[in-house]
């Protein structure tokens, strides 16, 4: 199935046909930051803006999920400040991350959106909603929780072991999180190589100066 993406510039939008795998990486500037993003799916409605998990980039979303949603909705995947091909520095607070995401969304010309946040992206999504309630129609939280919520201030012993270790490459962290605690690494690697864009392709997007 081919999906539709609108490429925005200062004057008008250009219609392009794309899926998750073929949507081009585009850039928009806001708050002195050059944000990398991809936009595709069914246009004409309220888009869904995705906020990714810890140490993840927009390449880490599963095409089976995004292309499925794109049949009926327009999607916006992006790297927040300091992440992968976006410029700037990663903020030290969720408030700053949320502010950058709001600036990015407004720079795209969005006046209404649904915000999806996964894991740490859920914290950012909540900040977006608090800071720009006029912009957010619906808030979608996946695998996350509120700041100060029960159990949010501490980690289990298993979580401390997993998140306290070093991984090479860094994305192998998520293989440790899965069933078996990393024993299924070869199978997971095989899955990821056929799903999201390859690691080599991800590294091909150099961070702009």
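The values are calculated or read from the model by the stated rules, or taken from the named source; none is laboratory data. Source: prediction; values computed, not measured. Please note: Cβ atoms are built from the backbone with ideal geometry, for glycine as well, and neighbour counts cover all protein chains shown.
Would you mention how many residues in segment 90-102 are out of contact with any helix residue (DSSP H, G or I) (no Cβ under 8 Å at 6 or more places or on another chain) and modelled with pLDDT of 95 or more?
Within segment 90-102, residues that are out of contact with any helix residue (DSSP H, G or I) (no Cβ under 8 Å at 6 or more places or on another chain) and modelled with pLDDT of 95 or more number 2.
Exactly one condition in (1) in contact with a strand residue (DSSP E or B) (Cβ under 6 Å, 6 or more places away or on another chain); (2) surrounded by 15 or more Cβ atoms within 10 Å (Cβ to Cβ); (3) modelled with pLDDT of 95 or more is false for residue 137; which is it?
(2)
If I filter segment 46-56 for residues that are buried (at least 17 other Cβ atoms within 10 Å of the Cβ), modelled with pLDDT under 95, under 14 Å from residue 75 (Cβ atoms) and in contact with a strand residue (DSSP E or B) (Cβ under 7 Å, 6 or more places away or on another chain), do I get at least one hit?
yes
I'd like the residue in segment 87-108 that is part of a loop (DSSP other than H, G, I, E, B) and in contact (Cβ under 8 Å) with a residue 24 or more places away in the chain and, out of all such residues, is nearest to residue 35 (Cα to Cα).
Here is the first cut: in segment 87-108, the ones part of a loop (DSSP other than H, G, I, E, B) are 87-93, 108.
With the extra rule that they be in contact (Cβ under 8 Å) with a residue 24 or more places away in the chain, the set shrinks to 87-88, 108.
Numbers: 87: 7, 88: 9, 108: 10 Å.
So, considering only residues that are part of a loop (DSSP other than H, G, I, E, B) and in contact (Cβ under 8 Å) with a residue 24 or more places away in the chain, the one nearest to residue 35 (Cα to Cα) is 87.
To keep it simple, each residue is scored yes or no on (1) over 13 Å from the mean Cα position of the chain (by Cα); (2) not in a loop (DSSP other than H, G, I, E, B).
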| site | (1), (2) |
| --- | --- |
| 27 | yes, yes |
| 46 | yes, no |
| 64 | yes, yes |
| 78 | no, yes |
| 85 | no, no |
| 110 | yes, no |
| 114 | yes, yes |
| 117 | no, yes |
| 128 | yes, yes |
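Go through segment 63-72 residue by residue and tally those that are in contact (Cβ under 8 Å) with a residue 24 or more places away in the chain, surrounded by fewer than 22 Cβ atoms within 10 Å (Cβ to Cβ) and under 21 Å from residue 138 (Cβ atoms).
The initial filter retains those residues of segment 63-72 that are in contact (Cβ under 8 Å) with a residue 24 or more places away in the chain, namely 63-64, 66-67, 69-72.
From what is left, the residues that are surrounded by fewer than 22 Cβ atoms within 10 Å (Cβ to Cβ) are 63-64, 67, 69, 71-72.
Still in the list and also under 21 Å from residue 138 (Cβ atoms): 67, 69, 71-72.
Qualifying residue count for the region: 4.
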